[in-house]
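Structure, as structure tokens:
Nothing in this text is a laboratory measurement; each read-out follows from the coordinates by a stated rule. Everything quoted here is computed from the prediction, not taken from an experiment. Positions of Cβ are backbone-derived with ideal geometry, glycine not excepted, and every protein chain shown enters the neighbour counts.
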Ligand code: NAD
């Protein structure tokens, strides 16, 4: 059994992005510029945006965080987005989700210029992705593909079961793994799937992205399967300084011995997500997806 080390892969990818940025700057180009809009004071969102800012610094990007109060109106936020869409100094930007309830997330996503939509959530980018055209890939599924590539895990002809059908993880993951080059036979499971246990037990590759701590147990996993655990659930703990610990969607201790490869939580998929956002921003700065 091999434990997939997301921290190692993320570090290697960050270092190659940093090298490329250094070359761009040495050639007289500006360093890529990523902007994050944060509305309100949700603790987890602040942490995520903080990590993104830190990662920008590590790879040599310019980064700006636009902090707006929780009572910002939808119209004000849409104005901010319109300004970033036309600002030639901004290569890509994200609006950190979730947004306060009075703002439509879908309206916000669709207001972002697809050329600057480095989260890859705009329907133009998801449509291009589904059609196999160049697009900004959503960061978490893209990070998982990078892990599979790095470890040389065979996917062609394998049965992959994805648990969870969200627009940011499960659905794009299922689509990407079914595409040419990855060539999996994919089953997408969700909360209404019948016989989930049997379906998961038939998988060569399991991607668990449902957000239910330790849901996937040993009896659901075929001997030799590859298990990718996307879930992150915070639970209280008296054994850590912070007072909580992170659990994945997989009951790691009992599932790991059955696997050929498994991602731990933390330290598996998590570190890859931010690196994929950096890669999208670099692509945006170079005009790789949407050449002028
Ligand atoms: P979501 O809540 O939007 O979607 C969960 C999906 O799981 C839904 O489609 C639902 O149908 C399915 N589901 C729920 N209960 C189920 C059940 N009992 N059986 C089968 N399917 C069930 O969640 P999301 O945004 O896709 O995130 C999923 C998990 O991944 C969360 O724990 C989240 O924190 C984590 N996450 C991690 C990263 C990372 O970088 N590691 C990134 C994004 C999300």
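Start at zero, step by 10 Å, and the Cα-Cα distances of the range 170-214 spread as 24, 58, 17, 1 percent across the bins.
Expressed in units of 2.2 N^0.38 Å, where N is the residue count, the Cα radius of gyration of the range 1-74 is 1.40. Using only Cα atoms, find the angle between the long axis of helix 270-286 and the longest principal axis of the chain, and express it within 0 to 90 degrees, rounded to the nearest 10. Around 40 degrees separate the two axes. Rg over Rh for the range 76-227 works out to 1.04, using Cα positions for both radii and the Kirkwood form for Rh.
Got a sec? How would 63, 202 order by Cβ neighbour count within 10 Å, fewest to most?
Working: 63 19, 202 13.
Ranked by crowding around the Cβ, least crowded first: 202, 63.
In the chain, the ratio of gyration radius to Kirkwood radius, Rg to Rh, stands at 0.97 when only Cα atoms are counted.
Roughly what % antiparallel, to the nearest 5, for the DSSP beta bridges in the chain? Within the chain, antiparallel bridges account for around 10 percent of the total. Between the helical axis of 6-26 and the longest alpha-carbon principal axis of the chain there is an angle of about 20 degrees. The helix-only estimate of mean residue ellipticity at 222 nm for the chain, built from DSSP H runs of length n ≥ 4 each weighted as -39500 (n - 2.57), is -12000 deg cm²/dmol after division by the residue total. Taking only the alpha carbons of the range 1-136, we obtain Rg and Dmax values of 16.4, 52 Å in that order. In terms of surrounding Cβ atoms within a 10 Å radius of their Cβ, 112, 81 rank from fewest to most as 81, 112. Of all the options 273, 126, 86, the one that moves most in a Gaussian network model of the chain with Cα springs shorter than 10 angstrom is 86. Of all DSSP-defined beta bridges confined to the range 2-121, some 0% are antiparallel rather than parallel. Per residue, the convex hull spanned by the alpha carbons of the range 173-292 comes to 146 Å³. To the nearest ten degrees, helix 74-86 and the longest principal axis of the Cα atoms of the chain are 80 degrees apart. When peptides 208-214, 11-17 are ranked by their average number of other Cβ atoms within 10 Å per residue, the highest-first order is 208-214, 11-17. Among 242, 73, 260, the ranking by other beta carbons within 10 Å of each residue's beta carbon, starting with the fewest, stands as 242, 73, 260. Comparing 117, 41, 142 in a Gaussian network model of the chain (Cα springs below 10 Å), the most mobile by mean-square fluctuation is 41.
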